[in-house]
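Here the structure is laid out as structure tokens; the discussion comes afterwards.
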Amino acid sequence: MQTVYPFGGNAPHDDPRQRDKTVTGGKGANLAEMASIGLPVPPGFTITTEECVRYLQAGESFRDELKAEVAKALTHIEAAVGKRFGDAADPMLVSVRSGARVSMPGMMDTVLNLGLNDATVEGLANTSEDERFAWDSYRRFIQMYSDVVLGLDHGLFEEALEIVKEDNGFYADTELSADDWRSIVGQFKGIVEEEWGKPFPQDVHEQLWGAIRAVFDSWDSDRAKVYRRLNDIPGDWGTAVNVQAMVFGNMGDTSATGVAFTRDPATGVRAYYGEYLINAQGEDVVAGIRTPQYLTHAAREAAGAKAPSMEEAMPGAYGELARVFDLLEAHYKDMQDIEFTVERGKLWMLQTRSGKRTAKAALKMAVEMVGEGLIDQSEAVRRIDPMALDQLLHPTLDPQAPRDVLTSGLPASPGAAAGKIVLDADTAEQWANRGEKVILVRVETSPEDIHGMHAAQGILTARGGMTSHAAVVARGMGRPCVSGAGAVSIDRNSRKLRIGSHELSEGDEITLDGTTGQVMLGIVPTVEPELVGDFGTLMVWADELRRMRVRTNAETPEDCRMARQFGAEGIGLCRTEHMFFEASRISAVRQMILAEDEAGRRRALAQLLPEQRADFTAIFEVMAGLPCTIRLLDPPLHEFLPTRDEEFAELSDATGLGVDHLRRRADELHEFNPMLGHRGCRLGITYPEIYEMQARAIFEAVCDVQAASGKAPLPEIMIPLVATRRELAILKALIDRVAEEVFTEKGARVDYLVGTMIELPRAALMAGDIAQEAAFFSFGTNDLTQTTLGVSRDDSARFLAPYVDKGIFPRDPFVSLDIEGVGQLVELAAERGRATRTEIKLGICGEHGGDPASIAFCEQVGLDYVSASPYRVPIARLAAAQAGLAAGK
Ligand code: PEP
Ligand code: MG
């Protein structure tokens, strides 16, 4: 199997493997694709991801075959550019970049100008007729190579450079002459020798293999692993390596480098969008060291900026770029994120990929592209990452609320975020872990900050443009971000922050508006999102494409209303024990639990009945005409037993029983393993009066709503934690009896169903038998996961993250269903249930009902609906549509 694929020049690009991201990575596949449609791509080659996996498995050693293929591919580049690698008279230089299947911060990024040494730098000076450029390129190379390949501290090089600048009274790098750079190269080599213990490698092949090794090794770096875990990227994908002839954006004022998007990645507006720098190399743009200039005249005007746009300064190259943008969009049928270089007036494309975008932009682009005839409605639905909708479903700043604006920066990633200032990523993570909302404030961010950015509500940086690390990563994560807020200065030592005339400390509260770029003092109130416009359009298309219904997990009228606004088509799980958490009710529940006998329990239940009935009535009014699955009480006892002195005192007042007596009773009820204890239907079996009260409350409420409005919902009464048919049979009989009693009393009848949760392995195995009694099954995959894996839901957080890191589970099985294991039980129970009762209703109400991967599985198994918490309902609608599309293929 071919391991190295040449591209550009006269290379063939017809092997489909070369354009397959899984083989050549995103960057490599797109370079080949661009070259194949005739775009100007500097020639190069890609080493496959498969080779990376092989290298890592072989204990980090290269195969001889690889060496031979790379040597051959180098001659391809040499032939295309008419220069030789390592030729002292006229050297060919290359860049080396990583390129995984998906773009992945945390991995080795780029080494430029590779192939320079003490001899070739002179050759470059001669052929370019620009000594300054040659020595500047050499020092950049030493700096980058030392940092990313040799692992030396890049600060050492920056410091040395700063000292030279200070000594000479220079401000900008552009003020340094050829001789200055030559002497800096000398100093840099000295630093390398001192820190690395060996001279900077002069052999260009040693340089190349060092860089290839660094790319492969970076796949397993800690930063890459963290990123993979956060983004569910499997560890066995590996990364490709791209080696490409250098083109130079730093060859004077007719040269430039830039990054661009074919549409605005923050808003989705159809306008070229990007930044460029004259006489610079790529890393200058991304690093945020120099402030980049706008691409278009319109964008410069809108920002009120003075420095000329590319459209104005380089009309020829800009015209060519605009032509390429249009070709790329027409070819990929998607918004592209591009890197380019102009070398002495000639445009070169270094990269294209489908651009990261905010959810808002993703929706706008998808809907508009349908209008433009670029894609169809199903493709638009497929394009949107359901989880990204989360960004739109959360509140934005209240436009009416007063704002104490401290400063403004760039609106790098939209949305509102408020919290306490933290100044480094570790602190962000620690504070977030103890439940605080934090805003990470940095001069600029780097891949080492990823975990802190993830833990933070939002990110504020003092430097960096719209395509800086902070901006790109924040948009990808859906974190609001304000970047390049120049008025912010940070003092790491005193852990203080100055914004204009305000001095703030770590822990002080601020609010960011990533949509406008404003930074505000204190916490600004927010308003609920409106689900109209592009969002509404796309959801209509999604609803037309899905088979499964989407319900919600909710137990208050407010949540039900919200869920209906989000498109819920019923309640999939109403956890009745949650209705008792309120302070005013918990006392009656405790009395019921602690009662010594049935009479005591009935007294407590009598207090609860009217409250339950009122709760159900309010919910049923909101859910008129829709199915509502009400689950009877399933309280793990430890969540309800009193523990504090005041709680016992209060209970003693209410019952007239002594505190000691109550304590003794609570001790008696203590369980070692409450999750496997006296909960679920076991409570209903032992204390039938509890379920009797609940059934009565439900039936009375439905009859009342029916009488008042004529629009009763369909109650589906659900029994939790059933393991045997007999349990269900006993409880079903009880419910049917209460139903008849209420119907007789009210002189009215309503429809209802009785069914069960399938949340124990035994219930799944015995589903055929249990279906004799059950009109529906709802998969309680939280407990089913807990009991199938033998892993406690409440205690797993401590050890599951390392399990995921080690690849034991691809994802946390409480978040995304363990399809291969627990999934088998779901599938088997669905089959056995249907075999007994063809028309049995099947749904899922565990947390997995809001997880797109799990929803796709539910579609495959043929469930009738999924149920998710209110904010997840739109996500579930979209995921169900995508699952339907995938199944229809
Ligand atoms: C479940 O176990 O999946 C379920 C939905 O019930 P609960 O989370 O209330 O135990
Ligand atoms: Mg459960």
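The values are calculated or read from the model by the stated rules, or taken from the named source; none is laboratory data. Because the structure is predicted, anything quoted here is derived from the model rather than measured. Glycine gets a Cβ as well: all are built from the backbone with ideal geometry, and neighbour counts include every protein chain shown. SASA here: full protein model, heavy atoms, side chains in, ligands and nucleic acids out. Shrake-Rupley method; radii C 1.70, N 1.55, O 1.52, S 1.80 Å.
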**Report entry** Spans of strands (runs of 3 or more DSSP E) in the range 494-573 with at least 2 residues within 27 Å of Arg631 (Cβ to Cβ)
**Finding:** 549-553
Requested in this report: Only residues that are touching a helix residue (DSSP H, G or I) at 6+ places or on another chain (Cβ under 7 Å) and either at pLDDT below 95 or acidic (Asp, Glu) (or both): list them for the range 21-59, please.
Outcome: Glu33, Ile37, Glu50, Glu51, Leu56
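Every residue, every condition in (1) charged (D, E, K, R); (2) in contact with a Lys or Arg (Cβ under 8 Å, 6 or more places away or on another chain); (3) within 16 Å of ligand 2 (Cβ to nearest atom); (4) open to solvent by 40 Å² or more (accessible area, probe 1.4 Å), yes or no:
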position	(1), (2), (3), (4)
Leu609	no, yes, no, no
Gln612	no, no, no, no
Asp615	yes, no, no, no
Thr629	no, yes, yes, no
Asp667	yes, no, no, yes
Leu683	no, no, yes, no
Pro688	no, no, no, yes
Report task. Among the helices (runs of 4 or more DSSP H) lying completely within the range 145-222, list those that include at least 3 residues that are modelled with pLDDT of 95 or more and open to solvent by less than 70 Å² (accessible area, probe 1.4 Å). Result -> 178-196, 204-218
Query raised in the report: Is it fair to say Ile735 is more than 16 Å from ligand 1 (Cβ to nearest atom) and either assigned to a loop (DSSP other than H, G, I, E, B) or among the β-branched types (Val, Ile, Thr) (or both)?
Result: yes
Report summary line: Of the residues in the range 364-401, those that are farther than 30 Å from Leu521 by Cα and small (Gly, Ala, Ser) come to Ala366, Gly371, Gly373, Ser378, Ala380
Requested in this report: Name the single residue, out of those in the range 619-661 being part of a helix (DSSP H, G or I), within 18 Å of Ser867 (Cα to Cα) and β-branched (Val, Ile, Thr), that is farthest from ligand 1 (Cβ to nearest atom).
Outcome: Val622
Report summary line: Of the candidates Leu497, Leu512, Leu440, the one satisfying the condition of being in contact with a Pro (Cβ under 7 Å, 6 or more places away or on another chain) and surrounded by 18 or more Cβ atoms within 10 Å (Cβ to Cβ) is Leu512
Query raised in the report: Going by the structure shown, is Leu714 open to solvent by 20 Å² or more (accessible area, probe 1.4 Å), more than 16 Å from ligand 1 (Cβ to nearest atom), within 27 Å of Asn673 (Cβ to Cβ) and modelled with pLDDT of 95 or more?
Result: no
Query raised in the report: Has the range 861-877 got at least one residue that is farther than 27 Å from His394 by Cβ, assigned by TED's automatic domain parsing to the domain that holds Gly780 and of a type in the set (A, V, I, L, M)?
Result: yes
Query raised in the report: Can you tell me which residue in the range 515-557 is nearest to ligand 2 (Cβ to nearest atom), limited to those that are of a type in the set (Gly, Ala, Ser) and open to solvent by 10 Å² or more (accessible area, probe 1.4 Å)?
Result: Gly536
Query raised in the report: Would you pick out the residues in the range 744-759 that are more than 16 Å from Ala695 (Cα to Cα) and within 14 Å of ligand 1 (Cβ to nearest atom)?
Result: Met757, Ile758, Glu759
**Report entry** Hits in the range 296-349 - residues which are open to solvent by 40 Å² or more (accessible area, probe 1.4 Å) and part of a loop (DSSP other than H, G, I, E, B)
**Finding:** Gly304, Lys306, Ala307, Pro308, Lys333, Arg344, Gly345
Query raised in the report: So which residues in the range 564-581 are more than 16 Å from ligand 1 (Cβ to nearest atom) and either modelled with pLDDT under 90 or farther than 19 Å from Ser778 by Cα (or both)?
Result: Arg564, Gln565, Phe566, Gly567
